[in-house]
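The structure under discussion appears below in the form of structure tokens.
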Amino acid sequence: QVKLVESGGGLVEAGGSLRLSCTASGRTSSAYAMGWFRQAPEKEREFVAGVSYTGRNTYYADSVKGRFTISRENAKNTMYLQMNSLKSEDTAVYYCTASYSHMWASKLNEYEYWGQGTRVTVSS
């Protein structure tokens with residue numbers, strides 16, 4: 001089993017920045033693909049960003065390209081999401097996720113493990 005714990009959420013003004021972290025435990029090997037999803041009130045969970053095992057390949061939803069940066073440090077079993085130029089529409093619960101079956105993953109059903117989520121609120 002893998003446990004994922006997110007941190008770093010909070011309240012920020014529009015235009016501000018936050019850095020989310022996700023720490024994995026419970027399995028000795030690092031996940032292949034890791035990613036962040038988010039879910040706003042009354043909306044479906046959506047893909048935000050993903051990163052490959054080595055960290056060299058990253059991919060983003062169009063809505064966050066140029067503003068968010070995903071990265072990972074396998075030696076620390078930690079993944080990050082640097083969020084800049086935040087907008088009110090970025091308000092959501094952000095979920096960390098890991099896949100041991102896909103090298104690349106951007107769909108919900110490609111990830112096996114999920115964190116509990118961390119809330120991000122952007123005030124306008």
Sort out which residues of the stretch 101-124 are within 22 Å of residue 12 (Cα to Cα) and outside any loop (DSSP other than H, G, I, E, B), and write them in order of number. 118, 119, 120, 121, 122, 123
Which condition number in (1) in contact with a Ser or Thr (Cβ under 6 Å, 6 or more places away or on another chain); (2) farther than 15 Å from residue 8 by Cα; (3) open to solvent by less than 40 Å² (accessible area, probe 1.4 Å) is the one that residue 64 fails? (1)
Search the stretch 8-30 for residues that are within 13 Å of residue 94 (Cα to Cα) and of a type in the set (Asp, Glu) and pair each with any residue that is at pLDDT 95 or above and open to solvent by less than 30 Å² (accessible area, probe 1.4 Å) when their beta-carbon atoms are under 7 Å apart and the residues are at least 6 apart or on different chains. none
Can you work out which of the residues in the stretch 91-100 that are touching a residue at least 60 places away in the same chain (Cβ under 8 Å) and assigned to a loop (DSSP other than H, G, I, E, B) is most open to solvent (accessible area, probe 1.4 Å)? 100
Over the stretch 13-41, the set of residues open to solvent by 20 Å² or more (accessible area, probe 1.4 Å) and not in a loop (DSSP other than H, G, I, E, B) is 13, 18, 19, 21, 23, 24, 25, 39
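The values are calculated or read from the model by the stated rules, or taken from the named source; none is laboratory data. Just so it is clear, the structure is predicted and the values come from calculations on it, not from any experiment. Cβ atoms come from the backbone with ideal geometry, glycine included; neighbour counts cover every protein chain shown. Surface accessibility is based on the protein's heavy atoms, side chains included, excluding ligands, DNA and RNA. Shrake-Rupley method; radii C 1.70, N 1.55, O 1.52, S 1.80 Å.
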